[in-house]
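Each remark here refers to the structure printed beneath this line.
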Amino acid sequence: MSKENRGWTKYKGLDGSLATVLCLPTAIALASKNVQLDVKCTWCLTCNEDAIHVLFLCSFARSVWEDTGVESLIQVLPHDTVFDVLKRVFENGSREQIALIGLFCWSIWNRRNKWVWDRNNISVFGVKSAAISLLDDWKKARQEDHKHSSVRNIATRTWNKPPPGWVKINIDASIFPHINCSGLGSVIRDDTGRFLRARNRKVEAVLHPREAEALSLKEALSWAKDLGFQKCSFETDAKLLVNACKGEHGRSYFHTIVKDCVDYFKHFDQVLVDFVSRSANGVAHVLARATHSMSGSQEWVNTPPTFISDVIILDSI
Ligand SMILES: [Zn+2]
């Protein structure tokens with residue numbers, strides 16, 4: 001296999017994260033959608049704020065990349081897009097270098113948002129430390145996964161793509177007692193890790209956590225059935241819910257919802273409901289939390305909302 005092809009194979013598995021980085025809602029990206037705003041970079045105030053500027057060319061980004069040990073992998077040629085730069089990284093970097101570069105991009109973008117929205121000025125050191133500490137978590141999670149590969153479906157700490165031909169649907173719920181509400185969130189990704197859809201809904205009631213988790217599974221099952229998916233791998237960080245789906249009986253409201261969930265299984269060719277740790281369920285968690293400041297329900301198709309973009313990137317590296 002040629003060097004170029006090897007690079008492409010590595011890169012293909014991560015195209016979910018690339019798609020997200022390519023969709024960063026920079027000032028230039030928003031202006032192209034007719035949003036009226038100043039397109040200058042809010043940090044250096046000299047160049048237009050597009051993704052390549054924020055991540056690689058801005059004076060702040062340059063200071064971040066200095067002395068990271070991966071800066072030689074990042075070459076920005078005239079008229080390059082972020083896609084061009086990252087494609088070269090994927091072709092030439094090791095898996096760990098690719099992960100580190102992905103995490104630095106995430107950390108720089110996160111810092112940009114903190115500056116734009118809160119005027120919170122995170123230092124170059126802060127951005128580097130955040131990325132490096134995430135890399136350590138990523139390495140530990142990979143080692144753990146390796147050690148426990150035979151029981152991964154009950155101990156997964158990082159998000160994994162479903163088998164070929166399957167979709168993975170992560171679900172979660174949040175309770176907000178102070179505003180008398182609960183929130184449900186779910187996200188569907190395909191077997192390449194690509195974002196397909198996300199949905200969240202605010203429920204005007206303070207549900208018991210286990211009931212909220214069960215309700216979020218029931219709604220996700222109904223949603224997947226209506227969309228016609230036949231091989232579905234559902235993941236939740238609620239162990240009780242998984243155990244109940246596997247046959248635990250009871251008369252509570254929780255068990256009534258679980259029974260409804262189990263009734264849905266017959267509409268699919270294959271269904272899995274697995275327990276994963278919260279770190280592998282981050283996107284659904286953020287979706288459920290986001291219902292706090294909204295009403296009703298929302299759905300996103302093909303392009304994820306910006307508030308989950310960072311978590312999707314982390315999942316795919
Ligand atoms: Zn700038």
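The values are calculated or read from the model by the stated rules, or taken from the named source; none is laboratory data. Since the model is a prediction, treat every value here as computed from it, not as a measurement. Heads up, the Cβs are rebuilt from the backbone with ideal geometry, glycines too, and the neighbour counts pull from every protein chain shown.
Does the range 55-84 hold any residues that are outside any loop (DSSP other than H, G, I, E, B) and either more than 16 Å from the ligand (Cβ to nearest atom) or outside the structural domain of TRP115 (by TED's automatic domain parsing) (or both), and which are they? It would help to see each step written out before you state the result.
Step one: of the range 55-84, the residues outside any loop (DSSP other than H, G, I, E, B) are 55-57, 59-65, 71-73, 82-84.
Passing the criteria: GLU71, SER72, LEU73, PHE83, ASP84.
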Inset, instruction - Read through the list (1) away from the ligand (no atom under 16 Å from the Cβ); (2) surrounded by 19 or more Cβ atoms within 10 Å (Cβ to Cβ); (3) not β-branched (Val, Ile, Thr), then give the number of the only condition that ARG88 fails. - result: (2)
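Out of ALA238, ALA220, ALA244, ALA224, I need the residue that is more than 13 Å from ASN170 (Cβ to Cβ) and assigned by TED's automatic domain parsing to the domain that holds LYS161. Which one? So that I can check it myself, show each step before the final result.
Values: ALA238 fails: more than 13 Å from ASN170 (Cβ to Cβ); ALA220 fails: more than 13 Å from ASN170 (Cβ to Cβ); ALA224 fails: more than 13 Å from ASN170 (Cβ to Cβ).
Every option except ALA244 fails the conditions.
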Inset, instruction - Would you check which residues across the range 29-54 are within 7 Å of the ligand (Cβ to nearest atom), farther than 22 Å from PHE125 by Cα and surrounded by 14 or more Cβ atoms within 10 Å (Cβ to Cβ) and list them? - result: CYS47, GLU49
Legend entry - helices (runs of 4 or more DSSP H) enclosed by the range 214-317 - at least 3 residues per element that are touching a residue at least 24 places away in the same chain (Cβ under 8 Å), of a type outside the set (A, V, I, L, M) and buried (at least 21 other Cβ atoms within 10 Å of the Cβ): 306-316
